[in-house]
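The next block holds one structure in the form of structure tokens; read it before the comments.
The values are calculated or read from the model by the stated rules, or taken from the named source; none is laboratory data. Everything quoted here is computed from the prediction, not taken from an experiment. Cβ coordinates were reconstructed from backbone atoms using ideal geometry, including for glycine residues, and neighbour counts include every protein chain displayed. Side chains are part of the model used for accessible areas, which takes the heavy atoms of the whole protein and leaves out ligands, DNA and RNA. Shrake-Rupley method; radii C 1.70, N 1.55, O 1.52, S 1.80 Å.
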Amino acid sequence: SGESGAGKTESTKLLLQHIMNLCKGNSQLEQQILQVNPLLEAFGNAQTVMNDNSSRFGKYIQLRFQKNTVRGAKLSEYLLEKSRVVQQDTGERNFHIFYYMFAGLSLEEKEMYGLLDPSLYRYISGRFGTQDVAQRWKHKYQEVCNALDMVGFQEQEQVDMQAILAGVLSLGNVTFEPEESNGSVKVSEASRGWLKAAAVDVLRQLVCCVPCSPWSPSVSCCCSLCADARDSIAKVAYGRVFGWIVCKINELLAENVDSEVELSEIGILDIFGFENFAVNRFEQLCINLANEQLQHFFNHHIFQLEQAAYKEEELPWETITFNNNQPILNLLLAKPLGLLSLLDEQSAFPQATDKTFVDKLNSSFKGNLHFQPGRSHVLGFSIIHYAGKVQYTAGGFLEKNRDTLPANVRGLFINSITPLLSVLFTGKSLCYGRASYMNQGLPRQELSHSLMVLMERMYSANPHFVRCIKPNNQKEPGVVDSQMVLLQLRYNGLLETIRIRKDGFSWRPSFEEFAER
């Protein structure tokens, strides 16, 4: 764990390499496990203002061992930040894979996928970069192709996957305009070429699938609804591709042993770090909630369980206090009056707006020490997290929580002439249980479900904590900002941890080991 840019993903890669090296083998399986990371980074990481290679999802890698030999691996992914596909803030980029494709595909391949100059695409933000950057991306694209081959993806699957990604980019350039004759909405004349490039068989029928809102049946509203539906389709398509990649990896890395053979396991959790940007949105709240839960888990193991064991054995012990973040979790997760429950409640009302949501928060949490109403002209609120105060912009909260995909669209995808696209939406290939929850509930409910499953796994394990400390905010090597480091040591509870380790009993053999010795 640690802030965004503190080195969690790099540490995870080093730890994996170390474990594979300790296995003393050089089997194909071990090499495949190491190849998984570049693949996941390409599709799940992006440049943010805090980190040039920021994980925009959480991953839990389970390594299964028989004696000292790795026999299989399983990957679970959590909370991919799909909204990044359609919107990036200043100084940020879309997922790496889009840039790698532009740099790495040949002219013939770009023509086959209908890809033009990257500056033309609404979903691709920022300058494309210098020649050096393009060369680095080209190299990264080759790494991704090698990883896809090494892990075992078929050539046609790779072609279909890139066709879908190119289609997503073209879809972002489709715009809508009123149909003058009957007051309905059509795809604008100027963007018909983009529609043709963007998986024609599915997306031409998009407009027919988006009903006008009965509460605001204006043509401008219908254009806006169509644009929202377009973005929803792009996000869902990308999310399904990512889920499919994870599923294929799990198929290929699954252990091939008899069911009665007992395997031991090491799990490594690498999850997005705490974030506090100039503008913080719904995604940052989800990320910071996950970090709040991990901090609570850390407190539970290091302070509560530890001191309870000393008291149980009646050791002389002066209780060490720590910053318990349970009240913050209550503020966010309590039912029926926690922040996320109120968000669901507001999302269920068609007339509700981001302003009515904020008004509800202000009245519900008046006097709460961890909540502050917004004070600027920007609609929002602040949460005092364990790592400090974060000001959230409320614009888009309801829309992102509803994340509505037009009902008819799934059927269009299932009947797509692109084989992979059809498979992604039938759910038959989504072999690890995602198919069911991909079509259920709100993103917030998906978040709660994912976190619940993750925390159950954490609490059933014997945890070791790797705390990553960010040395400076300038992304510079060899520079240590001591105030920044001290702040992290404080809010992570590491100063109290040092004290409990120093005063406590950190080495504890079993009674049997002790008697033998």
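Taking GLU306, is it over 24 Å from TYR60 (Cα atoms), at pLDDT below 95, more than 28 Å from the chain's Cα centre (by Cα) and open to solvent by 70 Å² or more (accessible area, probe 1.4 Å)? Spell out how you get there, then give the answer.
Numbers: over 24 Å from TYR60 (Cα atoms): yes; at pLDDT below 95: yes; more than 28 Å from the chain's Cα centre (by Cα): yes; open to solvent by 70 Å² or more (accessible area, probe 1.4 Å): no.
No; evaluated as a whole, the condition is false for this residue.
If we scan region 80-93, do we find a residue that is over 23 Å from LYS400 (Cα atoms), open to solvent by 10 Å² or more (accessible area, probe 1.4 Å) and not hydrophobic (A, V, I, L, M, F, W, C)?
no
Mind checking which pairs have a first residue in region 341-365 that is over 12 Å from ARG402 (Cβ atoms) and hydroxyl-bearing (Ser, Thr, Tyr) and a second that is outside any helix (DSSP H, G or I) and open to solvent by 20 Å² or more (accessible area, probe 1.4 Å), Cβ under 9 Å, 6 or more apart or different chains?
SER341/ALA334; SER341/LYS335; THR356/PHE349; SER364/LEU337
Among the helices (runs of 4 or more DSSP H) lying completely within region 320-405, list those that include at least 3 residues that are in contact with a Ser or Thr (Cβ under 8 Å, 6 or more places away or on another chain).
On the way: elements: 326-333, 339-347, 354-364, 397-402.
Where helices (runs of 4 or more DSSP H) fall fully within region 320-405 and carry at least 3 residues being in contact with a Ser or Thr (Cβ under 8 Å, 6 or more places away or on another chain), they are 339-347, 397-402.
Looking only at residues that are in a helix (DSSP H, G or I) and out of contact with any Asp or Glu (no Cβ under 9 Å at 6 or more places or on another chain) in region 246-262, which one is most open to solvent (accessible area, probe 1.4 Å)? Walk me through how you get there before you give the answer.
Filtering region 246-262 for residues in a helix (DSSP H, G or I) gives 246-253.
With out of contact with any Asp or Glu (no Cβ under 9 Å at 6 or more places or on another chain) added as a condition, the list becomes 247, 249-253.
Values: CYS247: 1, ILE249: 2, ASN250: 19, GLU251: 99, LEU252: 64, LEU253: 6 Å².
Here the answer is GLU251.
Across region 455-479, what is the total count of residues that are closer than 14 Å to HIS301 by Cα and over 24 Å from the mean Cα position of the chain (by Cα)?
Counting residues in region 455-479 that are closer than 14 Å to HIS301 by Cα and over 24 Å from the mean Cα position of the chain (by Cα) gives 1.
Can you work out which of the residues in region 94-109 that are over 19 Å from ASN146 (Cβ atoms) and not hydrophobic (A, V, I, L, M, F, W, C) is most open to solvent (accessible area, probe 1.4 Å)?
Only one residue fits best here, namely GLU108.
Can you find a residue in region 273-289 that is in contact with a strand residue (DSSP E or B) (Cβ under 7 Å, 6 or more places away or on another chain), over 20 Å from LYS360 (Cα atoms), at pLDDT below 90 and loosely packed, with under 14 Cβ neighbours inside 10 Å?
Looking through region 273-289, none of the residues is in contact with a strand residue (DSSP E or B) (Cβ under 7 Å, 6 or more places away or on another chain), over 20 Å from LYS360 (Cα atoms), at pLDDT below 90 and loosely packed, with under 14 Cβ neighbours inside 10 Å.
Could you check how many residues of region 110-152 are farther than 28 Å from ASP231 by Cα and not hydroxyl-bearing (Ser, Thr, Tyr)?
14
Answer yes or no as to whether LEU63 is in contact (Cβ under 8 Å) with a residue 24 or more places away in the chain, open to solvent by less than 10 Å² (accessible area, probe 1.4 Å), part of a strand (DSSP E or B) and not β-branched (Val, Ile, Thr). I'd like the intermediate steps shown before the answer.
Details: in contact (Cβ under 8 Å) with a residue 24 or more places away in the chain: yes; open to solvent by less than 10 Å² (accessible area, probe 1.4 Å): yes; part of a strand (DSSP E or B): yes; not β-branched (Val, Ile, Thr): yes.
Considered against the rule, which asks whether it is in contact (Cβ under 8 Å) with a residue 24 or more places away in the chain, open to solvent by less than 10 Å² (accessible area, probe 1.4 Å), part of a strand (DSSP E or B) and not β-branched (Val, Ile, Thr), LEU63 comes out as yes.
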